[in-house]
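Visitor: Please find one structure pasted underneath; my questions will follow.
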Amino acid sequence: MYPLVLTLHSLVRWAILIVGIAAVVRAWMGSRGGKPWTQLDDRLGLGFTIALDLNLLLGLLLYVVFSPITRSAFSNFGAAMGNSGQRFFLVEHFLLMVVAVVVAHIGRSRAKKAAADAGKFKQTAIFFTIALVLVLLAIPWPFLATGAGRGWF
């Protein structure tokens, strides 16, 4: 089950990046150009938060149930903190991703409450950009020097 959940978690990452970049670009373009808020803007924000939620669920399954990395780390937490690869998944990846999900949801909620289109764009531009940067920082990219790097897929 671990390889299946890990593969799904990795694939959903690409959906998050694609939809997140599209949402951020449209939000910044809308905030700069005085464009009207459209259904596409709303759907991109919804898609971004849904993809984040789905990946959070998959990540929690890995973190709590399936991952041999976290299982090993929880058995000797002190040693795990001294191992940069284990620490990355046990603390850094987990916390940054949870914060990214929360920030994206705050941005979506604030955009929905904004009365004017400019306010909707401003809220999504700021909060989705922060969420996307956090996601980019927390992905275990293959080039990570910490030993936590994973493959592209």
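Visitor: Which of (1) more than 16 Å from Ala131 (Cβ to Cβ); (2) surrounded by 18 or more Cβ atoms within 10 Å (Cβ to Cβ); (3) in contact with a Ser or Thr (Cβ under 6 Å, 6 or more places away or on another chain) is the odd one out, the single condition Leu62 does not satisfy?
Guide: Only one criterion is unmet by Leu62, namely (3).
Visitor: So, one more: Against the condition closer than 15 Å to Leu46 by Cβ and under 16 Å from the mean Cα position of the chain (by Cα), how does Ala111 come out, does it pass? Reasoning before the result, please.
Guide: Numbers: closer than 15 Å to Leu46 by Cβ: yes; under 16 Å from the mean Cα position of the chain (by Cα): no.
No; evaluated as a whole, the condition is false for this residue.
Visitor: Follow-up question, since we're still on this one. So, of the residues in the range 2-57 that are touching a helix residue (DSSP H, G or I) at 6+ places or on another chain (Cβ under 6 Å) and either among the hydroxyl-bearing types (Ser, Thr, Tyr) or outside any helix (DSSP H, G or I) (or both), which turns out to be nearest to Ala138 (Cα to Cα)? Give the steps one after another, and end with the answer.
Guide: Residues of the range 2-57 touching a helix residue (DSSP H, G or I) at 6+ places or on another chain (Cβ under 6 Å): 2, 5, 8-9, 12, 15-16, 19-20, 22-24, 26-28, 30-31, 36-37, 41, 44-45, 47-49, 51-52, 54-56.
From what's left, either among the hydroxyl-bearing types (Ser, Thr, Tyr) or outside any helix (DSSP H, G or I) (or both): 2, 31, 36-37, 49.
Values: Tyr2: 20, Ser31: 27, Pro36: 33, Trp37: 30, Thr49: 17 Å.
Across the range 2-57, the extreme among qualifying residues is Thr49.
Table: residues versus (1) aliphatic (A, V, I, L, M); (2) more than 13 Å from Leu17 (Cα to Cα); (3) assigned to a helix (DSSP H, G or I).
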site	(1), (2), (3)
Glu92	no, yes, yes
Leu96	yes, yes, yes
Ala100	yes, no, yes
His105	no, yes, yes
Gly119	no, yes, yes
Leu132	yes, no, yes
Pro142	no, yes, no
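Visitor: For Ala125, state whether it is more than 18 Å from Phe88 (Cα to Cα), within 17 Å of the chain's Cα centre (by Cα) and either modelled with pLDDT of 95 or more or in a helix (DSSP H, G or I) (or both). Talk me through it step by step, then tell me what you get.
Guide: Values: more than 18 Å from Phe88 (Cα to Cα): yes; within 17 Å of the chain's Cα centre (by Cα): yes; either modelled with pLDDT of 95 or more or in a helix (DSSP H, G or I) (or both): yes.
For Ala125, the condition - more than 18 Å from Phe88 (Cα to Cα), within 17 Å of the chain's Cα centre (by Cα) and either modelled with pLDDT of 95 or more or in a helix (DSSP H, G or I) (or both) - is met.
The values are calculated or read from the model by the stated rules, or taken from the named source; none is laboratory data. This is a predicted model, so every value here is computed, not measured. Cβ atoms come from the backbone with ideal geometry, glycine included; neighbour counts cover every protein chain shown.
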